[in-house]
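K.L.:
Quick one: structure below, then a few questions.
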Amino acid sequence: MKKTNKNKTFWVIAYDITDDLRRSRIVKVIEKHGIRVNYSVFECMLTDAQMDKLQEKIARLMRSSEDSVIYYPLC
């Protein structure tokens, strides 16, 4: 049986991380969930629960005063 993308949302995730070590750690997390389409842009197809977990992991790794990660849901 073929799996469908039912209940999944297409996300574009873009980042601007100032520190090389933090950037590397965050990229490794995102790469497990999506495809890199540009140096700082990923495309992911995720359920709401998967997206929540991904955002939590990234938030723990980033420094909000210096770093930026933006999540764009697309139809």
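The values are calculated or read from the model by the stated rules, or taken from the named source; none is laboratory data. Here the structure is a predicted model, which means the values were calculated and not measured. FYI the Cβ positions are ideal-geometry reconstructions off the backbone, even for glycines, and counts take in every protein chain you see. Note: areas computed on protein heavy atoms with side chains; ligands, DNA, RNA excluded. Shrake-Rupley method; radii C 1.70, N 1.55, O 1.52, S 1.80 Å.
K.L.:
How many percent of the accessible area of the chain is carbon or sulfur, using a 1.4 Å probe?
P.N.:
52
K.L.:
Beta carbons within 10 angstrom, averaged per residue: use that to sort the peptides 55-64, 38-47, highest first.
P.N.:
38-47, 55-64
K.L.:
What dipole magnitude, in Debye to the nearest 20, does the chain give about its Cα centre under +1 on Lys/Arg Cβ and -1 on Asp/Glu Cβ?
P.N.:
Numbers: 14 positive and 10 negative charges, 96 e Å.
Taking the Cα centre of the chain as origin, the dipole is about 460 debye.
K.L.:
Averaged per residue, what accessible area in Å² does the chain show with a 1.4 Å probe, protein chains only? Walk me through the numbers before you get to the answer.
P.N.:
Working: 5440 Å² over 75 residues.
Heavy-atom SASA per residue in the chain reads 73 Å².
K.L.:
Which length gain, in nm to one decimal place, applies between Tyr71 and Val37 when the Cα-Cα distance is subtracted from 0.36 nm times their residue separation?
P.N.:
On the way: separation 34, 0.36 × 34 = 12.24 nm, distance 1.45 nm.
Separation in residues times 0.36 nm, less the Cα-Cα distance, equals 10.8 nm.
K.L.:
Determine the sum of side-chain charges near Thr18: Lys and Arg each +1, Asp and Glu each -1, restricted to other residues whose C-beta is under 15 angstrom from that of Thr18.
P.N.:
Summing Lys/Arg as +1 and Asp/Glu as -1 gives -1.
K.L.:
Above 16 angstrom, tally the Cα pairs of the chain and express them as a % of all pairs, no decimals. Intermediate values should be presented prior to the final figure.
P.N.:
Numbers: 1303 of 2775 pairs.
Roughly 47 percent, once rounded to a whole number.
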